Amino acid sequence: MKSAVETLNPTRVRLTVEVPFEELKPSLDAAYRKINQQVHVPGFRRGKVPARVIDQRFGRGAVLEQAVNDALPKFYSDAVSQGELSTLGQPEVDITELRDNELLAFTAEVDVRPEIEIPDYSTVEVTVDAVEVSDEDVDQAVERLRERFASTTVVEREAAEGDVVRIALEATADGEPVAGVVPPTATYTVGSGRLVEGLDEAVTGLAAEGTATFTTTIGGPSPAEADAEAEKEDAAEGETEAGETEQGRAIEITVRVESVSSRELPELDDDFAQLASEFDTLEELRGDSRARLTEQRRYEQATEVQEKVLAALLELVEVPMPQKLLEDEIESRRHNLVHHQLGQIGMDLTSYLKMRGQSVEEFDAELREQAEKGIRTQFVLDELVKRENVNVSQEELTEHLVRRAQSAGMTPDDFVRAVVESNQVPMLVGEVSRGKALAAVVDAVTVTDSNGEPVRLNDEAEAEADAGTTEAAADAGTADDEAKDGDEARQAD
């Protein structure tokens with residue numbers, strides 16, 4: 001077999017392949033055997049029909065077509081290997097010549113991973129927020145804990161700030177019910193400012209069975225936010241917050257108060273510390289709150305470092321964009337939004353765009369921009385993995401699996417089982433390797449905080465930030481991974 005590679009553009013090639021007929025013969029013999037098992041010819045037992053009879057009854061052309069269809073994937077895979085190509089997605093194959101007992105010739109156009117030049121990034125400088133925890137931050141954290149231990153008593157009076165109300169809610173737009181804007185029922189603390197803007201004013205002064213209607217607007221997710229896996233939170237006091245699904249248009253909310261309860265907060269003293277924690281004194285409890293907040297801010301800072309360094313790196317690198325891969329990624333994102341995110345709340349894309357005040361053209365442009373960024377991110381990080389010769393240990397993969405299992409709300413065993421069954425282990429290995437590559441870039445650049453102090457990430461914070469950043473990159477580059485998986489599967493065949 002002879003093959004040649006023609007570069008059509010930085011992300012697409014055309015393979016020209018010529019196969020001597022003797023190399024097609026094993027597939028031709030297999031085609032005869034396959035047809036032999038499928039046909040019945042009077043006078044011959046099934047599977048014993050001579051080749052010349054099959055040619056006479058069904059035509060030599062039918063056999064050749066079967067043989068070529070079966071052989072093409074292997075010949076294409078061999079040509080890809082000979083050309084040392086990193087292909088993306090399915091090829092467009094055109095048989096240009098088929099001469100019986102002489103020659104098979106075909107061309108195959110396919111997207112390829114572009115060559116990427118990573119420039120010197122050691123001069124990159126980024127600034128992030130300093131890790132600071134004020135006394136006010138600690139006060140607020142302790143107050144939130146205090147609110148969780150408040151006692152409530154149902155009262156027969158109008159609701160006032162600080163009361164806890166049980167409410168029923170309904171959202172409409174232009175007189176039509178709108179799903180997903182507010183929960184049908186909720187337990188709500190008046191004056192907390194949660195759930196939906198305007199609710200505090202609406203319920204204040206209402207007694208049980210009282211109703212009110214108010215107009216508000218609800219913020220909604222961008223397509224990128226819709227792609228991201230929703231984080232699960234246990235809201236204090238059992239309050240339920242509305243999912244952000246609409247934006248840019250007036251929504252009418254009708255609220256009915258089912259009950260009003262007064263709330264009594266415990267005294268802030270050592271007895272409260274012993275009730276609410278393992279500490280003996282309020283001062284110890286405040287110290288623990290400060291330590292927890294500091295750790296949280298460190299993680300937030302590490303995430304900001306990763307995001308800003310990645311953004312700066314992408315600014316330095318020119319990445320040619322494979323158009324077929326881009327279109328596949330856009331379609332994948334659209335499918336995820338429409339069928340998974342919006343479908344779960346009973347909303348279609350038209351309603352989603354209408355409520356966001358966004359045109360189809362604006363939505364498509366936003367989706368394309370996010371898809372391009374995701375693919376560029378994955379290409380750049382993968383090039384760094386190759387350049388830095390990054391390897392992933394079993395321990396690193398296990399730690400990553402545990403983190404992913406926690407974020408998915410699954411046990412590690414169940415998550416690993418699901419990953420193995422869906423053949424996603426290579427994808428997770430890619431996530432870890434990209435995270436390590438990005439960490440190497442972070443170590444090489446200059447990072448300072450808003451106070452002008454140098455920032456160095458500890459291993460734990462860096463690992464957590466790597467996980468979040470590389471998971472986002474993996475989500476963004478789904479089409480690329482799927483294309484590679486499909487190509488590897490074809491080559492395996």
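The values are calculated or read from the model by the stated rules, or taken from the named source; none is laboratory data. Note that the structure is a prediction, hence the values are computed from the model and not measured. Every residue, glycine among them, receives a Cβ derived from its backbone with ideal geometry; neighbour counts consider all protein chains shown.
I'd like the residue in the stretch 193-219 that is at pLDDT below 90 and over 30 Å from Glu361 (Cβ atoms) and, out of all such residues, is surrounded by the most Cβ atoms within 10 Å (Cβ to Cβ). Ranking the qualifying residues of the stretch 193-219, first place goes to Leu195. Taken together, the residues in the stretch 79-127 that are in a loop (DSSP other than H, G, I, E, B), more than 26 Å from Asp328 (Cβ to Cβ) and either among the basic types (Lys, Arg) or out of contact with any helix residue (DSSP H, G or I) (no Cβ under 8 Å at 6 or more places or on another chain) (or both) amount to 2. Checked against the criterion of being touching a Pro at 6+ places or on another chain (Cβ under 8 Å) and either exposed (fewer than 15 other Cβ atoms within 10 Å of the Cβ) or of a type in the set (Val, Ile, Thr) (or both), the candidates Asn101, Asn9 yield just one match: Asn9. When Met410 is tested against (1) at pLDDT 90 or above; (2) over 20 Å from the mean Cα position of the chain (by Cα); (3) in a loop (DSSP other than H, G, I, E, B), just one condition goes unmet, and that condition is (2). Would you call Phe106 aromatic (Phe, Trp, Tyr), under 30 Å from Ala291 (Cβ atoms) and in contact (Cβ under 8 Å) with a residue 12 or more places away in the chain? It is false that Phe106 is aromatic (Phe, Trp, Tyr), under 30 Å from Ala291 (Cβ atoms) and in contact (Cβ under 8 Å) with a residue 12 or more places away in the chain. Give the residue that is nearest to the chain's Cα centre (by Cα), with candidates limited to residues of the stretch 42-87 that are under 27 Å from Phe379 (Cα atoms) and among the aliphatic types (A, V, I, L, M). Taking the candidates together, the pick is Leu85. Among the residues of the stretch 378-405, the ones that are within 25 Å of Val309 (Cβ to Cβ), in a helix (DSSP H, G or I) and of a type in the set (S, T, N, Q) come to 1 in all. Within the stretch 305-328, can you find the residues that are assigned to a helix (DSSP H, G or I), within 30 Å of Asp449 (Cα to Cα) and of a type in the set (D, E, K, R)? Passing the criteria: Glu307, Lys308, Glu315. In the stretch 65-72, the count of residues that are assigned to a helix (DSSP H, G or I) and under 17 Å from Val110 (Cβ atoms) is one or more.
With respect to the conditions (1) modelled with pLDDT under 95; (2) assigned to a loop (DSSP other than H, G, I, E, B), Glu132 lacks only one, and its number is (1). Among the criteria (1) under 30 Å from the mean Cα position of the chain (by Cα); (2) under 30 Å from Arg376 (Cβ atoms); (3) surrounded by 16 or more Cβ atoms within 10 Å (Cβ to Cβ), the one Val93 does not fulfil is (1). Hey, does the stretch 220-233 have a residue that's surrounded by 16 or more Cβ atoms within 10 Å (Cβ to Cβ), modelled with pLDDT of 95 or more and not in a helix (DSSP H, G or I)? No; the residues of the stretch 220-233 include none that is surrounded by 16 or more Cβ atoms within 10 Å (Cβ to Cβ), modelled with pLDDT of 95 or more and not in a helix (DSSP H, G or I).
Within the stretch 262-276, the residues that satisfy the criterion of being surrounded by fewer than 18 Cβ atoms within 10 Å (Cβ to Cβ) and touching a residue at least 12 places away in the same chain (Cβ under 8 Å) are Ser262, Arg263, Glu264, Leu265, Pro266, Leu268, Asp269, Asp270, Leu275, Ala276. Counting the residues of the stretch 25-59 that are out of contact with any helix residue (DSSP H, G or I) (no Cβ under 6 Å at 6 or more places or on another chain) and within 29 Å of Ala4 (Cβ to Cβ) gives 4.
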